[in-house]
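Here the structure is laid out as structure tokens; the discussion comes afterwards.
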Amino acid sequence: MTESFSHFAEFYDEFMVKLVDYPAWVEYVISIWDFFNIKPQIVLDLACGTGIPSIILLKKGYQVIGVDKSSEMLKIFRKKIAENEILKSKLLLIESDITNFTLDILVDACVSFYDSINYLLTEEDLEKCFSLVYKFLKKGGIFTFDMNTIFVLEKFWGNNTFVRESESLKTIWENRFDKKLNISTLYLKCYQKNNQESFLEVHKERGYEYKTIIKILKKTGFQKIKLFQHLTFLPARKNSLRIMVVALK
Ligand SMILES: C[S@@+](CC[C@H](N)C(=O)[O-])C[C@H]1O[C@@H](n2cnc3c(N)ncnc32)[C@H](O)[C@@H]1O
């Protein structure tokens, strides 16, 4: 068994670009910035991973600071832009935990895509992360992150098993939901097609009550907070599958 994303990193893009409409997700964030009349230049991407959303932002002209604790995910990110001097000149990557990082400058916006914040499994870690975002955001800055809801982790992932395949991997996604902790544990079994080798990664995501997310954001200093159903400007509902949290400094 390996650390989450350490082995899967190599295959991450192969799967995720099929599962997620990243360009639409990034456009949605930009539409939120527009809605609040914010025109960011420097964007902090928390848990940037292999950089799929960061690279879309870089190509649109934003400067990006990416933070992720997985050296393997960051390695793929660096490889993808290794030959693009323009993009490289606008990017800073920091290998660090999102509950414990530091920046030398303040940013205009902070984003986090694709459930990354669900990987924080305690309220204390959420608070540490949100406090740092508050600290490094300019006044008037905006923080947006999407989250899986308790509803989707319990009702859709539940104790279900999914089989997915890409060009190089056959994978089995076995989920176990802990109702007491609202934590979903994913046992991701991967079989490589080219060499018959296999590996197992364990991923844990926690769902949070909306009132808890708001409470912690307020505690860390954020005043104006909105929870939308993801990809809309409608209020988040109890049975939303994914929500977008927006907090303004
Ligand atoms: C589902 S991936 C999302 C990656 C990227 N945001 C995207 O949209 O493709 C989750 C990422 O969160 C990172 N991650 C999880 N917990 C973290 C933590 N405490 N600190 C830093 N990165 C973390 C993982 O290494 C992984 O790259």
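The values are calculated or read from the model by the stated rules, or taken from the named source; none is laboratory data. Since the structure is predicted, the reported quantities are computational estimates derived from the model, not experimental observations. Here the Cβ positions follow ideal geometry from the backbone for every residue, glycine too, while neighbour counts run over all protein chains shown.
Summary table below
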item	result
Contacts under 8 angstrom Cβ, first residue in region 190-201 being in the same structural domain as GLU14 (by TED's automatic domain parsing), partner outside any strand (DSSP E or B), 6 or more apart	none
Pairs where the first residue, in region 7-33, is under 16 Å from ILE56 (Cβ atoms) and of a type in the set (Asp, Glu) and the second is within 12 Å of the ligand (Cβ to nearest atom) and part of a helix (DSSP H, G or I), C-beta under 7 Å, 6+ apart	ASP13/ILE52
Some residue of region 23-35 being near the ligand (Cβ under 10 Å from one of its atoms) and in a helix (DSSP H, G or I)	yes
Given (1) within 23 Å of GLU209 (Cβ to Cβ); (2) surrounded by fewer than 16 Cβ atoms within 10 Å (Cβ to Cβ); (3) assigned by TED's automatic domain parsing to the domain that holds GLY49, number of the condition ILE98 does not satisfy	(2)
Selection count where residues are within 14 Å of the ligand (Cβ to nearest atom) and within 27 Å of PHE177 (Cα to Cα), scope region 124-150	12
Any chance VAL43 is in contact (Cβ under 8 Å) with a residue 60 or more places away in the chain, in the same structural domain as PRO235 (by TED's automatic domain parsing) and not charged (D, E, K, R)	yes
Qualifying positions in region 183-212 - assigned to a strand (DSSP E or B) and among the hydroxyl-bearing types (Ser, Thr, Tyr)	SER184, THR185, TYR187, TYR191, SER198
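Each row is one residue, and each column tells you yes or no for (1) part of a strand (DSSP E or B); (2) touching a strand residue (DSSP E or B) at 6+ places or on another chain (Cβ under 8 Å).
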site: TYR114; (1), (2): no, yes
site: SER131; (1), (2): no, no
site: LYS138; (1), (2): yes, yes
site: ASN159; (1), (2): no, yes
site: GLU167; (1), (2): no, no
site: ASN175; (1), (2): yes, yes
site: LYS180; (1), (2): no, no
site: ILE214; (1), (2): no, yes
